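Have a look at the structure below, then the notes.
The values are calculated or read from the model by the stated rules, or taken from the named source; none is laboratory data. Here the structure is a predicted model, which is why all the values come from computation and not from measurement. Heads up, the Cβs are rebuilt from the backbone with ideal geometry, glycines too, and the neighbour counts pull from every protein chain shown.
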């Protein structure tokens, strides 16, 4: 362990011991109203409700545990290196896990009078003061070594703070208030924040309309990451320094009409929820074209088959977008030759003359506003059906004009045939004389099906869609996984997805990969060098993993003053989050925290919480709830006490689910007797092992 200079250690210790208590206000109430950006990272929800996540339940499976145990030999060296690094700053793995319960924020306030970024970082170490003290101590020592000068004690908001100066770049000051560390490049900003924390009646970020509107749109107590940005303020602060062409382009897209944006990464039952909100009360430019008309409806999920594994639908006005593109070219011309705008309009007119119809009026305006794409694994197929769908207002004209476009502009022969009463056309690329290097000999096919123009890569995909519709086979909208996810994403807003939806069948795709890939992996991987001691034969079976999975559902929703996009998924949308969860999961597994309990233990934890909720209801209402009131009373309360009796995180789509995705059962045996039951893995009374019943009347 390296020696540390005692001076910063003593100063930090004095600060921690003499600091004033931190009020219950949020960091936003301490920030100035013209703050430009703010980021919060909070690890506490993982510790509180992380065991409900699908990935946690997968990790709790005995087969997964056994396989991970076989990998310990490969990770020991990494853990030893990590422990060595932590020892240098006086921390252990337990300390790190405890510190992850805290909240870290980073705020960009603007520029200092010295034209340096005014950045403030806060870290809540109140829950782990001992580990936090050692961490701050180590950071102070590191700053001392990098600055090359002794730190200076200064007054920050009536408290004793520390200021570091460096040979280049902005200075760094920090102060501690009862476990809340505030650090920044401008001591004056830190002092003003402490003044607001102490009750100074000054304007703050939490009181601004843009912060309030964005925060109330989707902030919850289970947010792990929250990002807010004052887009209008950023544009005003830095817009003049942009190249003129860049500023013109941003305005043409209407980005200057965005007041603020927000993003949240949240734990939601078994799922992760990614949400982003754009506050734009007065839309301009290209953004205004994206807002769907009031009468726009999305119905393509009732056209594509239930076997769809990838689906996306949105509302677009292609004709208006063409006009916007021509207008931008005419107005700005960018760095092109004079007259480019007229050339663009003339070029569209020339294309219309070539094909024999008005490209905008007789084709683009007839498409939409709904557009969709899908990939489906029909039957036993290994090759998916891939298709595009566009709602059409004049099927005959669209079909005829598309054929003209392919023939006139592509120079490709078009052939037609009829299948179950539907006319189909395809472009015979194989008969066009093109080489494989220029174009593979595919046969793109199109037809009008259920008021939608369907375009596929080959005739078989189009035939599969038509056959399924004629046979009245289930559609994607009928798929249980799709329906449940859409209902869950619409819990807060019944209009969610009015401008677009996306769906990915994670369970089927993971099962497909595991069923087809694992046998090869188990045969080939043991022969690779450097993999001794790993028991690849212990790799979990497909059902062990897929039983806890569900699809990804995305929805884009326009409101009266902006747009929200959200994704509900079992793993988080971005690989970055998956990496965080994996690292946190492995670390939690190694130190035996209750993040990865067995499914039986998870059920016992749930039942204990539900039992206490029922007793609380009995105490307040003077009676036990009736069986018909289960589980509604838990999250709605009663007329007398209209408050939830249990954390709403226990509910998914309005229901209570045990670790095996079966509902918890409530039975009332008498005026004072009741029982809460999970029927185990098989979902039916009785059974042994994982299928045994778990009851609130039995402790084990």
Q: Could you figure out which of (1) out of contact with any strand residue (DSSP E or B) (no Cβ under 8 Å at 6 or more places or on another chain); (2) surrounded by fewer than 17 Cβ atoms within 10 Å (Cβ to Cβ); (3) modelled with pLDDT under 80 isn't true of residue 133?
A: (2)
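Residue check: is residue 207 surrounded by fewer than 17 Cβ atoms within 10 Å (Cβ to Cβ) and at pLDDT 90 or above?
On the way: surrounded by fewer than 17 Cβ atoms within 10 Å (Cβ to Cβ): yes; at pLDDT 90 or above: yes.
For residue 207, the condition - surrounded by fewer than 17 Cβ atoms within 10 Å (Cβ to Cβ) and at pLDDT 90 or above - is met.
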Q. How about region 309-323: which of its residues are more than 26 Å from residue 381 (Cα to Cα), in contact (Cβ under 8 Å) with a residue 40 or more places away in the chain and not in a loop (DSSP other than H, G, I, E, B)?
A. 314, 315, 318, 319, 322
Q: Report yes if residue 189 is assigned to a helix (DSSP H, G or I), farther than 30 Å from residue 267 by Cα and in contact (Cβ under 8 Å) with a residue 60 or more places away in the chain, otherwise no.
A: yes
**Q.** Among (1) at pLDDT 90 or above; (2) surrounded by 19 or more Cβ atoms within 10 Å (Cβ to Cβ), the one test that residue 269 misses
**A.** (1)
Q. What single numbered condition from (1) touching a strand residue (DSSP E or B) at 6+ places or on another chain (Cβ under 9 Å); (2) under 30 Å from residue 28 (Cα atoms); (3) crowded, with 16+ Cβ neighbours inside 10 Å fails to hold for residue 254?
A. (1)
Q | Index of the failed condition, residue 212 passing every other in (1) surrounded by fewer than 15 Cβ atoms within 10 Å (Cβ to Cβ); (2) at pLDDT below 90; (3) within 33 Å of the chain's Cα centre (by Cα) | A | (2)
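So that you can scan it fast, the table gives a plain yes or no per residue for (1) crowded, with 16+ Cβ neighbours inside 10 Å; (2) at pLDDT 95 or above; (3) under 25 Å from residue 546 (Cβ atoms):
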site: 420; (1), (2), (3): no, yes, no
site: 430; (1), (2), (3): no, no, no
site: 442; (1), (2), (3): no, no, no
site: 463; (1), (2), (3): yes, yes, no
site: 471; (1), (2), (3): no, yes, no
site: 489; (1), (2), (3): yes, no, yes
site: 492; (1), (2), (3): no, no, no
site: 499; (1), (2), (3): yes, no, no
